[in-house]
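The values are calculated or read from the model by the stated rules, or taken from the named source; none is laboratory data. In this text the structure is predicted, and so the values were computed from the model without any measurement. So basically every Cβ, Gly included, is an ideal-geometry build from the backbone, and we count neighbours across all protein chains shown.
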Amino acid sequence: MSASSEFKIVFQEKTLEDIYFSSVKFHCAIGIDRVNTKAFENNLKNNIKIILNKSRNGTYSFSQFREKLLSRGAERYPRVISIPTIRDKLVLKALFEILYSVYGADSPFLHKIVNEVAKGVSKKGFDGVLRLDVKDFYPSIRHDLLMKLVSKKIRKKEVLHLISNAISQQTVSKASSKNKTYNTKGVPQGLSISNILANVYMQPIDRKYQGRTSLLYFRYVDDILILCDQKKTEKIKKEIINDCNRIGLVLHADDPAKICTGKICSGFSYLGYVFNDSLVTVRKKSLDNLRESIIKILTNYDGLVKSIPVSLTTLYAWSSP
């Protein structure tokens, strides 16, 4: 279905009400305006009326996103998550429906990619592996290139306006109207449309390498894996680095945790799993992280710990190597 047709269906009062009660009401945090679901619902009809009027005439403007920091460990900067207002989240969910109708699923499930990699390894058609990682993927996406790609399939100006306005909003710790500026680079993480737009941005590269019979190409968000002839790994590595550089993306250069080349038979890790010929196992670090998460949850909720037939001593023993 075209974006224009889907826009007419989605941006109707009844449809927006359905989206709110099914996808927003029970799945949202408070945005920069501090409006909660109760206050929003008390004025639901008027909120939807504002959305419809401004979206249809191309004047809808998103509020700044509230900043939420997610820890990635002591040695890494936290990930910045963007929290929209409830009204904006409703618009973004509706916008996602349009993008989904045009582009399909925003990304394949992780387990599906892991299965495909395992199949590729077991076929033994290639002996070399190349793993690459895009540095600061979401913050590096150029708006001009992204909108150029989007406009190839979406021509309705009201939809293009919503996308452009959403990704250009700043993510801030507190609201400010002074010296308000707009981003020209980066897709805010945490929005309904973030993943699907990131995939649209990578489509030219994905299609280029997926179309080759001389290699197998996989990508999950910013993690790229290629199975190929080992003698050609360096050549392919340089080529894909150049392709990414052309669209403003930089790959990690020398970090062994982010990039590697070698023989498949020597084993390699990808997406938390270790692949070694026909054997696939969970990476030890992934298991350690899971154990630590469970122990942290149970330690923080003392009442929960007492209510289950497993002692912390047992858990600590289980978590030990």
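A few remarks follow.
- The stretch 62-84: number of residues that are in a loop (DSSP other than H, G, I, E, B) and surrounded by 10 or more Cβ atoms within 10 Å (Cβ to Cβ): 7
- Applying the criterion of being among the hydrophobic types (A, V, I, L, M, F, W, C) and outside any loop (DSSP other than H, G, I, E, B) to the residues of the stretch 163-182, the residue that is farthest from the chain's Cα centre (by Cα) is Val172.
- Within the stretch 87-140, being of a type in the set (A, V, I, L, M, F, W, C), outside any helix (DSSP H, G or I) and farther than 26 Å from Ser2 by Cα holds for Phe126, Val129, Leu130, Leu132, Val134.
- Ile154 satisfies every condition listed in (1) part of a helix (DSSP H, G or I); (2) closer than 22 Å to Asn57 by Cβ; (3) of a type outside the set (Asp, Glu) except (1).
- Residue within the stretch 183-191 that is of a type in the set (A, V, I, L, M, F, W, C), in a loop (DSSP other than H, G, I, E, B) and outside the structural domain of Gly58 (by TED's automatic domain parsing) present: yes
- Screening the stretch 242-279 for residues that are modelled with pLDDT under 95 and aliphatic (A, V, I, L, M) and picking the one that is farthest from Gly186 (Cα to Cα) gives Leu279.
- Residues being surrounded by fewer than 17 Cβ atoms within 10 Å (Cβ to Cβ), touching a residue at least 24 places away in the same chain (Cβ under 8 Å) and of a type in the set (A, V, I, L, M) are represented in the stretch 14-34 by at least one member.
- Selection within the stretch 207-254 - touching a residue at least 24 places away in the same chain (Cβ under 8 Å) and of a type in the set (Asp, Glu): Asp222, Asp223, Asp229, Glu234, Asp243
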